[in-house]
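The values are calculated or read from the model by the stated rules, or taken from the named source; none is laboratory data. The model shown is predicted, which means the values in this text are computed figures rather than measured ones. Ideal geometry is used to build each Cβ from the backbone, glycine not excepted, and the neighbour counts take in all protein chains shown. Remember, those area values only see protein heavy atoms, side chains included, never the ligands or the DNA or RNA. Shrake-Rupley method; radii C 1.70, N 1.55, O 1.52, S 1.80 Å.
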Amino acid sequence: MSAATSPWGKAKDTTLSARRAAAMALSAVLAGQSLNQCLPPLELRVDLADRGFLRDLALGSCRHFQRLNALAKMLLSRPFGEEDQDLFALLIIGLYQLEIQKKAPHAAVHATVEVCEELGKGYAKSVINACLRRYAREYESLTPPLDENPVTASSHPKWLVKMLSKAWPEQFQDILEQNNQRPPLCLRVNQRHGSREQYLERLQQAGIEARPAEHSAVGIYLAESCDITALPGFAEGDFSVQDEAAQLAAMLLAPQAGERILDACAAPGGKTCHLLESADARVVALDIEENRLPRVHENLARLQLSAEVVCADMATPDAWWDGELFDAILLDAPCSATGVIRRHPDIKLLRRREDIGQLAQVQAQLLDTAWSLLKPGGRLLYATCSALPQENSEQIRRFVDANSDAQLQTLDFCWGSACNAGRQLLPQRDGHDGFYYALLVKGAGTHA
């Protein structure tokens, strides 16, 4: 039975081993689902003590899939059929434990092989066992060829390696490397509740090692990941989890008291809340995906903030806009998310080359629409979590060239890199994710 039709909800099958759940998650990703979709319900069916291991297996197997997939093909005498993609996913999970986690074969192989029984496919135990044991015996001869191919050496799809190497010839190797690292945990202190220095002191008193972020005045990096709900002041809304690069949005847009501000693609609400923490503004938080809006409401409630939350398509303002122009707009546009691959490694399996052009068209439409909703003299901050110029600097350059009333502001900061329009941040070790910003001011040009 394929991943798409797997009976995950059988009453007798309420508890899963971490390895089985990871194989089910990877199988779902290979069938086109994101980890954000398939992993949370699986986590609930795994013992609490094993959920960290499950996440490591699921994210890690996606993070290193191109390399592990090549190994699996070398080890299998014939590929698994469509009905056994969960077994193929299980083999990848097993190889991840051996190749990446460096687990002892005597423990990892047996535990992985036993999952065949859990999947109701005991007939495959000998195949999975033979592949994993052959890897354990022959890895010194199997792996060197993988290091010579940029796809299997970096575990990135070929099209993305090409695009990144063309866009960032001097930095792309480091981008590929950083994409395969585990991201740090970064907090954003709610400045309405206290200063960063005060919260750092509270963490120190609680025995939690942390350091201030370099570029965000309200950012804090924790030395180790943890259960954020157990940190001081979580329930009271004293902080949020947000990458340092994303925290720069509120600083760049610089909301002022009384301003009417549109957060055009708001879910899950991190930037909406940061805008409201920064000033007593009137914020409209808009998003097209209704199922993501509960997170916006939850974040606002926990942080004791208020915004007008609207479910609508930004591209069709006649259906939701009341006619009052905005003083400022944050357009965190839908994008390839190639700057946050280390947080969402399934992007490397789900994203396709042709997606980039399609996303650029959507971004261009949203830019045009947002511009029509902005007051003369108003500010529009365009942002993506992409590392590709087609969605970023090239997109903004095209827009500025087409709109004489669009004044591109110089972002002269110590973070990121200046490009032909705006500023690009690339993922940093123990630091921020990849992100792009361009700030536009609406002048008195010939375009409305």
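Things to note:
- Heavy-atom accessible area, probed at 1.4 angstrom with all protein chains present, ranks Phe80, Phe399 as Phe80, Phe399, highest first.
- One quarter of the surface of the convex hull around the alpha-carbon atoms of the chain equals 22.7 nm², the direction-averaged projected area.
- Lys, Arg +1 and Asp, Glu -1 on Cβ, resulting dipole of region 47-174 about Cα centre, debye, nearest 20: 260 debye
- Relative to the longest principal axis of the Cα atoms of the chain, the long axis of helix 65-75 makes an angle of roughly 20 degrees.
- For region 364-420, the direction-averaged projected area of the alpha-carbon convex hull comes to 4.3 nm².
- Rolling a 1.4 Å probe across all protein chains gives Glu197 an accessible area of roughly 110 Å².
- Using a probe of 1.4 angstrom and keeping all protein chains present, the accessible surface of region 293-448 works out to 41 square angstrom per residue.
- Accessible area of region 92-167 divided out per residue, in Å², using a probe of 1.4 angstrom: 48 Å²
- Peptides ranked, highest mean first, by Cβ atoms within 10 Å: ranges 142-151, 278-287, 262-271: 262-271, 278-287, 142-151
- Between the helical axis of 105-118 and the longest alpha-carbon principal axis of the chain there is an angle of about 90 degrees.
- Rounded to the nearest 10 square angstrom, Glu354 shows an accessible area of 110 square angstrom against a 1.4 Å probe.
- Listed by chain and number, the lysines whose C-alpha is less than 17 Å from the C-alpha of Lys166, apart from same-chain residues fewer than 8 away, are Lys158.
- Entries in Lys271/Lys348; Lys125/Lys162; Lys103/Lys348; Lys271/Lys375; Lys73/Lys103 that, when Cα-Cα distance is taken, lie over 30 Å: Lys125/Lys162
- The share of accessible area on the chain that comes from carbon and sulfur is 49 percent, using a 1.4 angstrom probe.
- Each Cα pair under 8 Å and six or more residues apart adds its sequence gap; the mean of these over the residue count of the chain is a relative contact order of 13 percent.
- Taking the Cα atoms of region 304-448, the ratio Rg/Rh between the radius of gyration and the Kirkwood radius comes to 0.98.
- Rounded to the nearest Hz, the phi-derived 3J(HN,Hα) couplings of region 42-58 under the Karplus curve 6.51 cos²θ - 1.76 cosθ + 1.60 (θ = phi - 60°) are 6, 4, 5, 9, 10, 3, 3, 5, 9, 5, x, 5, 4, 4, 4, 5, 5, where x marks glycine and proline.
- For the chain, the longest principal axis of the alpha carbon atoms and the long axis of helix 353-372 meet at an angle near 20°.
- Rounded accessible area of Trp321 (nearest 10 Å², 1.4 Å probe): 70 Å²
- Assigned charges on the beta-carbon of Lys, Arg, Asp, Glu; the chain dipole about Cα centre (debye): 1240 debye
- Dipole-positive endmost among Leu325, Ala315, Ala383 within region 267-396 (Cβ charges, Cα centre): Ala383
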